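Below is one structure, written out as structure tokens, with a few remarks after it.
The values are calculated or read from the model by the stated rules, or taken from the named source; none is laboratory data. Predicted model only: the values in this text are computed from it and were never measured. Using ideal geometry, Cβ is built from the backbone for each residue, glycine included, and neighbour counts are taken over all protein chains shown.
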Amino acid sequence: MRICPWCASQNRDDSNYCGECGKLLLPQQGPEVIWDISHGPFITCDPRVPSSEYSGFAQFIRDSGYTLDISTAQLAPDILAGKVAVVVLVTTAWRRPYSEEESALLADFVRQGGGLVACAENRAVEQNANLDMLLAPLGVSVGLSREDSPVHDLNRHPIFDAVDGIRVTDWGKISAGGSLAAIAQDEDGNVFAGAGEVGEGRIVVMGDCSMWDNHHLLHNARLASNLLAWLTKSNP
């Protein structure tokens, strides 16, 4: 199944054009996005693997006009060269934490104009600590709770244009301070997402990874399109 990045309708895997809006679904050679899985995935995002839970999101990024590099190589300046955004999910960074050197490298990448989206999980997931080195300098902590409440209190922010709710599962509260401001929460004020600009670049941190899996992506497709466009300052 392929999800149209324009109208969020479902299409056959072998379809080149959306059956609903008629727009082209073929991947294009657009801005380069890197999905870093060098820290060992618990759930894979490789579309070639039938059991991949994030294969739909990987294909969605490509169908949205980006070139996606699913990278198993350790982060280094040459790996990030030419990229416009980095995707980091705790479920695809499961085996070891990010180092101080990697954190500094990504911080420089963002300050120089890159985008970073980091997604954590609820407090039952000990591997949230793998993201600490990346997020602590931003004043952000993740995995502070385990919530099953709807996230519908969305602040005015470009990633929520035409989005009236987010489909999530057992998400984790985050703190949003320092460089990031809270942009989404539940009715009790538990913060689900934070966003902000650091130097010339942009960062979004969210408290759930399952929102991008093959079961939830269709409901979050518009958010995914907005997120990619805002992070990369582009509209491929």
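Below, the figures for the structure above:
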{"read-out": "Qualifying positions in segment 74-102 - in contact with a strand residue (DSSP E or B) (Cβ under 9 Å, 6 or more places away or on another chain) and among the aliphatic types (A, V, I, L, M)", "value": "L75, I79, L80, V84, A85, V86, V87, V88, L89, V90, A93"}
{"read-out": "Number of the exception - N220 against (1) surrounded by fewer than 17 Cβ atoms within 10 Å (Cβ to Cβ); (2) in a helix (DSSP H, G or I)", "value": "(1)"}
{"read-out": "Residue within segment 109-126 that is part of a loop (DSSP other than H, G, I, E, B), more than 18 Å from the chain's Cα centre (by Cα) and within 28 Å of P31 (Cβ to Cβ) present", "value": "yes"}
{"read-out": "Single residue of segment 123-169 satisfying the filter (touching a Phe, Trp or Tyr at 6+ places or on another chain (Cβ under 6 Å) and either among the hydroxyl-bearing types (S, T, Y) or surrounded by 15 or more Cβ atoms within 10 Å (Cβ to Cβ) (or both)) that is nearest to K83 (Cα to Cα)", "value": "L134"}
{"read-out": "Residue in segment 8-42 that is farthest from the chain's Cα centre (by Cα), counting only those that are at pLDDT 75 or above, in a loop (DSSP other than H, G, I, E, B) and surrounded by 15 or more Cβ atoms within 10 Å (Cβ to Cβ)", "value": "C18"}
{"read-out": "Criterion (closer than 24 Å to G114 by Cβ and of a type in the set (D, E, K, R)) met by exactly one of D153, D208, D164, D188", "value": "D208"}
{"read-out": "All positions within segment 76-97 that are over 17 Å from the mean Cα position of the chain (by Cα) and not in a helix (DSSP H, G or I)", "value": "A76, A81, G82, R95, R96, P97"}
